[in-house]
Every structure is written in C-alpha cells, then in structure tokens.
Amino acid sequence: MNRRERFLNACRCQPVDRPPVWVMRQAGRHLPEYLALKEKHSFHEIVQTPELALEVTMQPLRRYAMDAAILFSDILVIPEAMGQPYHFRDIGGIEMEFKLETAADIDALNADGTADRLRYVSDAIDLIKAELDGDRALIGFAGSPWTLATYMLEGGSSKNYRRCKELLYTDRPLFDRLMEKITASVIEYFQMQIDAGVDCVQIFDSWGGVLAPDVYEAGSVRWMREIVDAVKDQVPVILFSKGMHEHSDLLVSTGANVLGVTWTTSLAKVAAGLPDHIGVQGNLDPVLMNTTPELVEAATKALLDEMDNRPGHIFNLGHGIMPQAKIECMERMVDTVVAAAR
Ligand code: CP3
C-alpha cells in the first residue's frame, strides 16, 4: 500500500496498516524555506504562479514523511474570483478591498466563470500531481459558503460576525441569494480541482462554530450539503467545521466521508458517536508543536492508543499549524505515527 492508497483507504474507512498523517494548513510559516521565498514573492504571487505554488506545496513533504499534500492556495481566492479582492493586514488577519453592504453589492458578484478565473490553480495541480507521481495523495480545498460569507460581509477577519449573522436573521432571501452564488462558485471550483486530479477535497467551515445550533443548518450546513452532493461520487470529502462536533449528526447529513475535529474534544468519543462509514481527522493541539519532541511523542502515542486503529482515522492537528511550531516537534509527530505501522 503506498501513501496515497493509505490516505484514500482511510478516507473511505477501509483497512490500513496505520493512520495516514498530514498537517493542516499554513504549514509554510514555520519553515525557513517558505519564509525565504516570501522575501522574494508576495503571497498572491506564490498562489497565482503555478511553479511557486508547486514549490510551497512540496516544501513540507520534503521534510516530513506525510501521506498527503495540501494544495497551496487560500480559501479567499473564491471571493477574489467573484470580484472582491483580499489582502493581509500588517497587524494580522484579513482585509477585503470592500465589504458587501447592499443587495446591489451582492447582485454585482460574478459567480459565472469562477473556474476560468482560477485557471492558475488547475495549472498548479497539474504540476503537483506530476511531482507526487501517484505516491502521495493531493488534497484540494475550499472554504464553506458560510465561512467565505463572513469575510465578504464583515470586510475581513471578524470578532463577532455581527453583520453576517444579522443578514441571516433579518433578510433570509438576500442571505440565500448570496449563499447560492458562493455555493455555485465553490462547486465549479471543486469540479475544476477534481478534473485536474486532486484525490480528495476538504471543506473548511472554519467559522461554522459561531452560529447558534438552531440556525447552523440554514446558515451553513445546507450549502455544504449541496457542495458535497455535487462531488461525493467522484472523490472523498473531508469536512472540517471548527467546534461543531456536537452537531455531528448534521455534519454527517451532508454526505461527507470524514469529519475534521478540533483538539478541544476527545477524538475517540466523537468517533464512537459516528456511523462506522464516517472517518475522523485530528486532533492534537497545534500548540504542542511549539513545545518539545518528548511532549509531542507522548501526546501522539496517547492519541494513537485512544483511537486503537479505528478504521478511518486520519492523523492531523486539530487546526492549522502556528508560525512558532518547531521542526523537530513536527518531525517527531510524523515519525511516531509512521512507526505505529503494524
Ligand atoms: O497548509 C497550507 O499552507 C495550505 C494552504 C492553505 C492556506 N490557507 C495558505 C495560507 C489553506 C488550506 C488555507 C485555508 C484557510 N485560509 C482557511 C481555512 C482553514 C482554517 O484555518 O480554518 C482560512 C480561514 C483562511 C483565511 C486565512 N488565510 C487566514 C485567517 C490567514 C491568516 C492571516 C494572518 O493573520 O496571518 C490566511 C493566510 C495564509 N493562508 C497563510 C498561508 C500559508 C499565511 C500567509 C503568510 O503569512 O505567509
């Protein structure tokens, strides 16, 4: 079984010799080679230049014996392709060039031809697939419509998601109009990624957890269900919804194959409450990677023991990796999982 097969088997809850391991987003920021490239090229330049996106996608794989790569891009390429560019604030966080204020702003968004405007992504996937040579899986991704809408309506990173929630509560037809557009764009984008050869797609519902339980379905889940429906017969779908494992019944109802779980809950307990055909991804605390290899090894072994080879466990952190992560901690985590092979 090669690494790609191990990863895909786990996505489908088929038997594997050990859990596959990969690391969730922003791996770059703790790697000197990424920071060196950032000295010469802006984030947008790297994302939009297939050769540079290839290089950054491969950087963590050269260091760590991971089973899968994640495409280097960002969830915000979708709003950008719809007509709402973004950049990073100097003090951290995201700023959109403008925020959606009126119905006319929403109607002006262009959902048609998303894939054409993101052609540089499929060009990057072609290069990455050739380099991976069938040995490791390639994960494509997009933000959930709700998560993307928070950036688009708040005008960037938000503390309370007020405007987005107000629209959901007070003007459901307009909220739905926005979500229909974003959902159509994400579906077109995923289809492009799949046609270019990604082995699996991940939906990041990063801010689903700010919704009250009674509006989680209307605000986020129903749109993700549409997306999963459109792609699930082609590739496995991983759904990461930060902090929403309590509503795993709703998440399962989307048809996703694997649920990503944050570190604040026991992965084994979440898994025990799921149907057997649903996998789980996670869930070490990312801050552990800033500590010592000894602590990381102990936590990795504890998680492996707790999961007891349940089919469909993809070993990962519970969220993105921090810039302060230490290379020796990352190495120890991956090597400990690899050594667990039977
Ligand atoms: O591992 C990878 O690098 C894969 C590519 C990837 C990035 N972003 C690159 C990136 C992926 C999968 C993402 C997903 C993403 N982007 C999400 C969903 C996942 C999650 O964390 O919940 C979200 C919410 C975003 C939006 C985003 N992009 C944020 C909030 C930030 C941090 C901004 C800050 O305060 O610095 C980014 C920036 C970003 N995206 C970086 C990378 C490598 C860091 C850019 C840099 O500092 O060089």
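List of remarks:
- Among the candidates 306, 328, the residue that is touching a residue at least 24 places away in the same chain (Cβ under 8 Å), in a helix (DSSP H, G or I) and surrounded by 14 or more Cβ atoms within 10 Å (Cβ to Cβ) is uniquely 306.
- Check on residue 142, in contact (Cβ under 8 Å) with a residue 60 or more places away in the chain and under 25 Å from residue 12 (Cβ atoms): yes
- Some residue of segment 285-307 being within 14 Å of the ligand (Cβ to nearest atom) and among the hydrophobic types (A, V, I, L, M, F, W, C): yes
- Counting the residues of segment 119-133 that are in contact with an Asp or Glu (Cβ under 9 Å, 6 or more places away or on another chain) and in a loop (DSSP other than H, G, I, E, B) gives 0.
- Per the listing 249, 229, 233, the residue uniquely of a type in the set (Asp, Glu), surrounded by fewer than 21 Cβ atoms within 10 Å (Cβ to Cβ) and outside any helix (DSSP H, G or I) is 233.
- Subset tally (residues that are outside any helix (DSSP H, G or I) and among the charged types (D, E, K, R)) for segment 58-82: 2
- Single residue of segment 83-118 satisfying the filter (part of a loop (DSSP other than H, G, I, E, B) and among the charged types (D, E, K, R)) that is surrounded by the fewest Cβ atoms within 10 Å (Cβ to Cβ): 90
- Members of segment 133-152 that are open to solvent by less than 10 Å² (accessible area, probe 1.4 Å) and either within 18 Å of residue 180 (Cα to Cα) or more than 13 Å from the ligand (Cβ to nearest atom) (or both): 137, 142, 143, 144, 145, 146, 147, 148, 149, 150, 152
- The selection criterion, being free of Cβ contacts under 8 Å to residues at least 60 places away in the same chain, open to solvent by 20 Å² or more (accessible area, probe 1.4 Å) and either charged (D, E, K, R) or assigned to a helix (DSSP H, G or I) (or both), does not hold for residue 51.
- The set of residues in segment 54-72 that are farther than 17 Å from residue 126 by Cα and open to solvent by 20 Å² or more (accessible area, probe 1.4 Å) comprises 62, 63, 65.
- The residue that is farthest from the ligand (Cβ to nearest atom), counting only those in segment 41-77 that are more than 17 Å from residue 22 (Cα to Cα) and β-branched (Val, Ile, Thr), is 49.
- Residue in segment 153-171 that is nearest to the ligand (Cβ to nearest atom), counting only those that are open to solvent by 40 Å² or more (accessible area, probe 1.4 Å), farther than 22 Å from residue 225 by Cα and outside any helix (DSSP H, G or I): 157
- Restricting 317, 259 to residues that are out of contact with any Pro (no Cβ under 6 Å at 6 or more places or on another chain) and either closer than 23 Å to residue 3 by Cβ or buried (at least 17 other Cβ atoms within 10 Å of the Cβ) (or both) narrows the list to 259.
- Of all residues making up segment 197-217, the number that are more than 16 Å from the ligand (Cβ to nearest atom), surrounded by fewer than 21 Cβ atoms within 10 Å (Cβ to Cβ) and not charged (D, E, K, R): 4
Per-residue answers, yes or no, for (1) more than 19 Å from residue 185 (Cα to Cα); (2) touching a helix residue (DSSP H, G or I) at 6+ places or on another chain (Cβ under 9 Å); (3) in contact (Cβ under 8 Å) with a residue 40 or more places away in the chain:
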residue	(1), (2), (3)
196	no, yes, yes
216	yes, yes, no
222	no, yes, no
241	yes, yes, yes
257	yes, yes, yes
262	yes, yes, yes
267	yes, yes, yes
272	yes, no, no
283	yes, yes, no
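- Condition check for residue 126: farther than 24 Å from residue 183 by Cβ, among the acidic types (Asp, Glu), open to solvent by 10 Å² or more (accessible area, probe 1.4 Å) and within 21 Å of the chain's Cα centre (by Cα): yes
- Whichever residue in segment 1-31 is within 13 Å of the ligand (Cβ to nearest atom) and surrounded by fewer than 19 Cβ atoms within 10 Å (Cβ to Cβ) and, among such residues, is modelled with the lowest pLDDT: 26
- Counting the residues of segment 78-101 that are more than 23 Å from residue 39 (Cβ to Cβ), of a type in the set (D, E, K, R) and within 14 Å of the ligand (Cβ to nearest atom) gives 1.
The values are calculated or read from the model by the stated rules, or taken from the named source; none is laboratory data. Everything numeric in this text was worked out from a predicted model, so none of it was measured. Using ideal geometry, Cβ is built from the backbone for each residue, glycine included, and neighbour counts are taken over all protein chains shown. We work out accessible area using only protein heavy atoms, side chains counted, and drop any ligands, DNA or RNA first. Shrake-Rupley method; radii C 1.70, N 1.55, O 1.52, S 1.80 Å.
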